[in-house]
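Asker: Provided herewith is a single structure, encoded as structure tokens, for subsequent inquiry.
The values are calculated or read from the model by the stated rules, or taken from the named source; none is laboratory data. Quick caveat, the model's predicted, so the values are computed rather than measured. Here the Cβ is made from the backbone with ideal geometry for all residues, glycine too, and neighbour counts use every protein chain on show.
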Amino acid sequence: MMHRPTAKAKGITFQSPRRKVALVSKKMGLDSDGRHFLSGTGIVFNSGTPPKKRKLLSIDDESLPEVGPSSALTDGPDVTINDIASAEAEAMEDRVKNGVSRVFAGWKPHFRDLLAVLLATEAHVNIPSLCSAALCAECIMNGHHHDPFHWIDVWNGEFFDKVDLLTLGYRLCLGHYGACCPYVVDHVSPSKLVVTHTNGVHEVRTHWCHCPGAPGRVFQMLHAGLFPVTLDHLESAFTVPLLKEWHMHALMLKKGAYDYIYALRRLSNNSAPQTVKNRYREFNIISRIWHHLTMMKCAGNFHGLVLPNRDPQSLTVPCFTCPWPGMNMPRDWKDTPASLAYIHACELGGDGNHGLQKKRKHDDPNDISLGLGQGYFVHPDKMTQYMESIEAEPAMRQPVCSMVRSLTRKTAGNM
């Protein structure tokens, strides 16, 4: 049997308005002389609720009815079977009933009204009148003891200018929950800090705590949620909320540190980001330290948490679904019948980085690991000891095969 392509169905009318396209399928056969003959036809409806397939009798049968799917005849034009465009358009209309195009079509006429309201909320209608809803500089500073890194919109007579609290004379006091240390005398000038927060790069003036027995300045910054860039020259810092946000972005969005810092510079000054201090190099260092400290915290290493059958110094995330004797397995698991021993199997797999693209450091060839031997790589001392304990393999004979010879010329980085 073979199927001939669809053609026109002559003299067909439809009882349902949803049925707009009818396809005629013809079945052909071969006789004893090898010639094709029509063995039967069928009608298929493409649009609407398709009826049950109705197989017509053979065209040679005298009882073949002279009408189509309906009992009424028509003298109208023939129905074009290959008018697929109209059927596909109707099917597409059903599919996009709640699609994005329908949703956007309802939003677009209101864009100007929505934007007008958003712009109106950016400034009070009475500004810059004498009696306005704006606050004075002193009230702004008093209300920002716990929010020292907010941007302030200051009316300069023509427009609002986004400035730091430093411009208003704000001083960040450490050690007393926002209040100034009583041991700070008037002639002591505050220190200048460049602080990178989730909303941009800020410059603040800082007063340290000078009380007897006060902690060091590094710990004063940590108590205030500021992570210093260095331990000796305290001139820059990153906020703890920023480091937490970056950690999540790096894990889930695979975002690079350069793009993240550049976005923060644009949040500070979108029209001229090059005028904002660049803290990309410092951020690369502090982000690695933050990741390592987070691993120590999550692994319980700092609190001395020791899990069964696990190196107490390991910083990797344990898999609690894997079978662990003494953790999630019955005490008599060794008595399991041999036919059921597979339920205690632990399957381990690793993805190898045979190229080792990061092995050769261009910026610092003496770069060190913060968790040496505490992750997925063996400690170098153990590896050296193992390599010295094994015998060197004999040198391979020079291969004769041209394909093998070409493989030996490959460099280690290309393999």
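Asker: Conditions first: (1) touching a residue at least 12 places away in the same chain (Cβ under 8 Å); (2) farther than 18 Å from residue 369 by Cβ; (3) of a type outside the set (Asp, Glu); (4) not in a strand (DSSP E or B). Residue 287 passes all but one, so which condition is the exception?
Answerer: So residue 287 meets the others, but not (2).
Asker: Does at least one position in the range 226-243 carry a residue that is free of Cβ contacts under 8 Å to residues at least 12 places away in the same chain, touching a helix residue (DSSP H, G or I) at 6+ places or on another chain (Cβ under 7 Å), in the same structural domain as residue 161 (by the TED database) and in a loop (DSSP other than H, G, I, E, B)?
Answerer: no
Asker: Turning to a different aspect of this structure: Out of 374, 357, 385, I need the residue that is in contact with a Leu (Cβ under 9 Å, 6 or more places away or on another chain) and either surrounded by 10 or more Cβ atoms within 10 Å (Cβ to Cβ) or at pLDDT below 90 (or both). Which one?
Answerer: Values: 357 fails: in contact with a Leu (Cβ under 9 Å, 6 or more places away or on another chain); 385 fails: in contact with a Leu (Cβ under 9 Å, 6 or more places away or on another chain).
One residue alone meets the criteria, 374.
Asker: Can residue 223 be described as at pLDDT 95 or above and at negative phi?
Answerer: Values: at pLDDT 95 or above: no; at negative phi: yes.
Against the criterion (at pLDDT 95 or above and at negative phi), residue 223 does not qualify.
Asker: Let me ask you something else. Look at the range 93-140 and say how many of its residues are modelled with pLDDT of 65 or more and of a type outside the set (D, E, K, R).
Answerer: Within the range 93-140, residues that are modelled with pLDDT of 65 or more and of a type outside the set (D, E, K, R) number 26.
Asker: Which of the residues spanning the range 166-189 are within 20 Å of residue 138 (Cα to Cα) and either in contact (Cβ under 8 Å) with a residue 40 or more places away in the chain or not in a loop (DSSP other than H, G, I, E, B) (or both)?
Answerer: Within the range 166-189, 166, 167, 168, 171, 172, 173, 174 meet the criteria.
Asker: Within the bounds of the range 303-312, is there any residue that is exposed (fewer than 13 other Cβ atoms within 10 Å of the Cβ), among the polar types (S, T, N, Q) and either under 18 Å from residue 372 (Cα atoms) or at pLDDT below 90 (or both)?
Answerer: As a first pass, look at the range 303-312 and keep what is exposed (fewer than 13 other Cβ atoms within 10 Å of the Cβ): 303-306, 308-309, 311-312.
Going one step further and asking which of them are among the polar types (S, T, N, Q), we end up with 309.
Filter once more, so that each one left must be either under 18 Å from residue 372 (Cα atoms) or at pLDDT below 90 (or both): 309.
Among the residues of the range 303-312, at least one is exposed (fewer than 13 other Cβ atoms within 10 Å of the Cβ), among the polar types (S, T, N, Q) and either under 18 Å from residue 372 (Cα atoms) or at pLDDT below 90 (or both), which makes the answer yes.
Asker: Right, next: Test residue 193 against the stated conditions and say whether it is hydrophobic (A, V, I, L, M, F, W, C), over 34 Å from the mean Cα position of the chain (by Cα) and either in the same structural domain as residue 145 (by the TED database) or surrounded by 13 or more Cβ atoms within 10 Å (Cβ to Cβ) (or both).
Answerer: Values: hydrophobic (A, V, I, L, M, F, W, C): yes; over 34 Å from the mean Cα position of the chain (by Cα): no; either in the same structural domain as residue 145 (by the TED database) or surrounded by 13 or more Cβ atoms within 10 Å (Cβ to Cβ) (or both): yes.
Answer is no for this residue.
Asker: Which members of the range 148-161 meet the condition of being outside any loop (DSSP other than H, G, I, E, B) and touching a strand residue (DSSP E or B) at 6+ places or on another chain (Cβ under 6 Å)?
Answerer: Filtering the range 148-161 for residues outside any loop (DSSP other than H, G, I, E, B) gives 152-155, 160-161.
Within the range 148-161, 152, 153, 154, 160, 161 meet the criteria.
Asker: State which residue pairs qualify: first residue in contact (Cβ under 8 Å) with a residue 60 or more places away in the chain and inside the range 245-273, second residue among the hydroxyl-bearing types (Ser, Thr, Tyr) and buried (at least 16 other Cβ atoms within 10 Å of the Cβ) in any location, beta carbons under 7 Å apart, and separation of 6 or more residues or different chains.
Answerer: What qualifies is 264/196.
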